[in-house]
Amino acid sequence: MRGRMRSRTGKMGAIRLAGDGQHIESQRGWRFDHKQQHQHCNHRHSLGLSKLSGPAVVWGKDVGVVGHRKLSAPPHHRSERQLRTSAPPFSWRLLGIFIVKDAMDDVRASSAWVAKHSSHVFVDSSGIEKVVETINSIPRVNWDFEGIHYFDNGPLTVQYLLVLDALNFCFWPDKDLSYDHLASGLKAALLNDKSAFDADRLQKYTGPQLRELLNWPRPLPLEDERIRLLHEVGFELERSFNGKAFNIVEACGKSAIKLVALITRHFPGFRDHSVYKGHQVFLYKRAQIFAADLWGAFQGQGYGEFNDIGSITIMADYIVPAVLQQLGVLKYTSNLVKLIEANSEIVSGSEEEIELRACSIYAVEKMKELISIKSGKQVLSVELDLWLWSFGIQFPSLQHHRTLSIYY
Ligand SMILES: Nc1nc2c(c(CN[C@H]3C=C[C@H](O)[C@@H]3O)cn2[C@@H]2O[C@H](COP(=O)(O)O)[C@@H](O)[C@H]2O)c(=O)[nH]1
């Protein structure tokens, strides 16, 4: 497996996973060993990173290497430029190696596969045409249209959004609970105590403490899972990213694709995938919404600047499929209609559940293509998602499918 790494100086160095599966090697003479935790790296082109020390990711085309880098010689008598050019000895603690794939290509391709083989949910192309003909332009919905999110234009907002999206799932079992309670509850908690989402604190919350933080009077749906995921986020943030979510974003060089790859690589709770008719399907709802939320909150600037924001698909949750069905874009079998109307639980990982989510992604990708053909306008899936979702939540009577899931 081969890839290429671009250093900060713009020079290219090939990196590859060695045949023994134990080493990452570069043409420029550095080598990581899985077995040894500490490596010395003396080549000035080898890391190509913006910082001299701290958590860092080296990106190749196919391989990513996550590490924590420390200067082992004191830098007091050298300028930063000298340090870069005179090959200082870095100590590099290897944290992980992962295969870089275009996660959103996986989402798009596997959703299309499901749509082609589906048995319970069908994408109606005439329904898509009607929607595209009826709406002259997609209404622009402001990201924080509800005014419920924390925003300070800095790193704490990134920390807030990661915690928010780690818990952004399955509100429906409590009929009074919604996403708004989570977003505004976490905001109030942070305004009250700026250290509430520090990595060490995240690892210690209990169910009752989370309820208290959100000012929610009774156990939350899937509360144990929510606590497990909070701990996971705190632990991995501390282990690999100096406790700070902005380090994850900074490591991705303005790429949403890399961000989704890194998040799903490091935080198993975000790895939203399943097996459908023997085929692996990737939907990555919460990982993608984290990128979308950054983009929306920071208005495409700073921590929200992604050169490839167009690669994100819609976020397959339980609201958007219901809206698409109302619009005539999705058609269900009568059995599935009965299940949804009776509020029966649809098992997580069942064909029905995967089809509902994957066909929604596929349908909106098709809608996007048609808009581009008809009007020449390039709309983003993120924009279509926010439009469909904000439309759906205005109708509390909208009947959606009910699956107990940590993914959405
Ligand atoms: N596709 C999609 N699904 C989304 C969101 C959001 C919130 N995004 C915020 C970002 C900017 C805006 O200001 C939004 O406030 C939540 N959800 C999902 O909805 C469900 C909750 O529904 P209910 O129980 O009625 O609150 C649940 O699965 C949740 O994960 C979205 O944007 N797109």
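With a cut-off of 10 Å between beta carbons, the residues surrounding residue 317 carry a summed charge of +2, where Lys and Arg count +1 and Asp and Glu -1. Projected label points at residue 133 and residue 201, each 7 Å from Cα along the beta carbon direction, are separated by 5.5 nanometres. Take the Cα coordinates of the range 320-408, assign each an equal point scatterer, and use the Debye formula without solvent to give log10 I(q)/I(0) at q = 0.15, 0.22 Å⁻¹. Summing over Cα pairs of the range 320-408 leads to -0.61, -1.17.
Restriction of the trypsin sites (Lys or Arg not before Pro) in the range 155-201 to DSSP coil positions whose beta-carbon has at most 12 other beta-carbons within 10 angstrom yields 175, 194. Apolar share of the accessible surface for the range 103-392: 51 percent from carbon plus sulfur atoms, 1.4 Å probe.
Could you please put 211, 140 in sequence from largest to smallest accessible area, using a 1.4 Å probe? Provide the component values of the computation, followed by the final result.
Numbers: 211 55, 140 200 Å².
Per-residue accessible area, sorted high to low, gives 140, 211.
Each label was represented as a point 7 Å from its Cα along the Cα-to-Cβ direction; for residue 218 and residue 398 these points are 2.5 nm apart. With R₀ set to 56 Å, the beta-carbon distance separating residue 308 from residue 334 gives a calculated FRET efficiency near 0.85. Against the criterion of solvent-accessible heavy-atom surface with a 1.4 angstrom probe, 197, 246 sort, most first, into 246, 197. Across the range 338-408, C-alpha contacts under 8 Å between residues 6 or more apart give a mean separation that, scaled by the residue count, equals a relative contact order of 51 percent.
Between residue 373 and residue 228, the modelled labels are 4.4 nm apart [label points 7 Å from Cα along Cα→Cβ]. Sort out for me the Cα centre separation of the range 156-215 from the range 281-311, rounded to whole Å. What the calculation gives is 20 Å, centre to centre.
Subtracting the Cα-Cα distance of residue 209 and residue 280 from 0.36 nm times their residue separation leaves 21.9 nm of extension gain. In this view, the solvent-accessible surface of residue 172, computed with a 1.4 Å probe and all protein chains in place, comes to about 40 Å². Checking the a/c ratio against 1.5 first, then a/b against b/c, what shape does the Cα gyration tensor give for the range 103-392? Because a/c hits 1.5 or more and a/b exceeds b/c, the range 103-392 counts as prolate.
The values are calculated or read from the model by the stated rules, or taken from the named source; none is laboratory data. Quantities reported herein were computed from a predicted structural model and do not represent experimental measurements. Don't worry about glycine lacking a Cβ; one is built from the backbone with ideal geometry, like all the others, and counts go over all protein chains shown. Please note that ligands, DNA and RNA were not included when accessible areas were found on the heavy atoms of the full protein model with its side chains. Shrake-Rupley method; radii C 1.70, N 1.55, O 1.52, S 1.80 Å.
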